[in-house]
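Q: I'd like to ask you about the structure that follows.
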Amino acid sequence: MHTIAVVDDDPITRETLKAYLEGEGYRVMLARDGDQLSALLARGRVDLLLLDIRLPGKDGLSVTRDLRAASNIGIILITGRSDRMDRLIGLELGADDYITKPFEPREILARTRSLLRRIAKPARPAGGRVKRFDGWELHLDKRRLRDPGGEDARLTSAEFELLAAFVDNPGRVLSRDDLLDLTLRGDSVPYDRSIDRLVRRLRRVVEPDPADPTRIVTVHGMGYMFQGAVD
């Protein structure tokens, strides 16, 4: 049974989502702010957060940033319709998706299921297959990325799938639709330019200078291409 934490300072929102998601077979934990969430996370595993951006004290963007520094937990931001810039910042910080208020519980359920499927996607049956580029090692079975110094680099599930798609197709121009098909396999996140934001996040990990990328390059009007040798 997957565990979902609903983090919102509105008790009606918390209880509504709890009742609905428990009715769909999920274990649901509730928190009204970042401090309560920290206590929940210290007590046991949480698979996915439904996280309101506008929390008292530490806001949802700060929570997202701190969690992404240490965890690959699924994060769906809950935002107001006027919070467009906050949504973009949240995605840049590593959130997986967002949904705006007012929302239908069925939409929350659909996005939750989609993200949990991606998080739980089994390792590829590759028998220890490893892709190497410029000193980096991408372990496709273990879903791990090691930098040239041998340290693990933290990637979200979507970032890992995107990098795997690139190193499986070096020198090939991949459109955004190609990348959605190769990475999310029909579970694409329905916000505009989601692939562009994932590419920017991935460049911050694997590029010497993310502002002047030399590995994941933009092919204007067409998409992206992974340059360089892959073994």
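Q: For region 181-212, name all the residues that are open to solvent by less than 30 Å² (accessible area, probe 1.4 Å), at pLDDT 90 or above and in a loop (DSSP other than H, G, I, E, B).
A: Glu207
Q: Could you grab me the full set of residues in region 24-54 that are among the hydroxyl-bearing types (Ser, Thr, Tyr) and within 19 Å of Leu93 (Cα to Cα)?
A: Ser38
Q: For region 137-157, does any single residue satisfy the condition of being more than 24 Å from Arg204 (Cα to Cα) and either in contact (Cβ under 8 Å) with a residue 60 or more places away in the chain or touching a Gly at 6+ places or on another chain (Cβ under 6 Å) (or both)? Explain how you work it out, then say what you get.
A: Of region 137-157, the ones more than 24 Å from Arg204 (Cα to Cα) are none.
No, there is no match, as no residue in region 137-157 is more than 24 Å from Arg204 (Cα to Cα) and either in contact (Cβ under 8 Å) with a residue 60 or more places away in the chain or touching a Gly at 6+ places or on another chain (Cβ under 6 Å) (or both).
Q: Could you tell me how many of the residues in region 55-72 are within 12 Å of Gly90 (Cα to Cα) and assigned to a loop (DSSP other than H, G, I, E, B)?
A: So the count comes out to 1.
Q: Next up: Would you pick out the residues in region 58-67 that are in contact with a Gly (Cβ under 6 Å, 6 or more places away or on another chain) and either of a type in the set (Asp, Glu) or open to solvent by 30 Å² or more (accessible area, probe 1.4 Å) (or both)?
A: Scanning region 58-67 gives a single hit, Lys58.
The values are calculated or read from the model by the stated rules, or taken from the named source; none is laboratory data. This is a predicted model, so every value here is computed, not measured. FYI the Cβ positions are ideal-geometry reconstructions off the backbone, even for glycines, and counts take in every protein chain you see. Heavy atoms of the whole protein, side chains included, go into the accessibility calculation; ligands, DNA and RNA do not. Shrake-Rupley method; radii C 1.70, N 1.55, O 1.52, S 1.80 Å.
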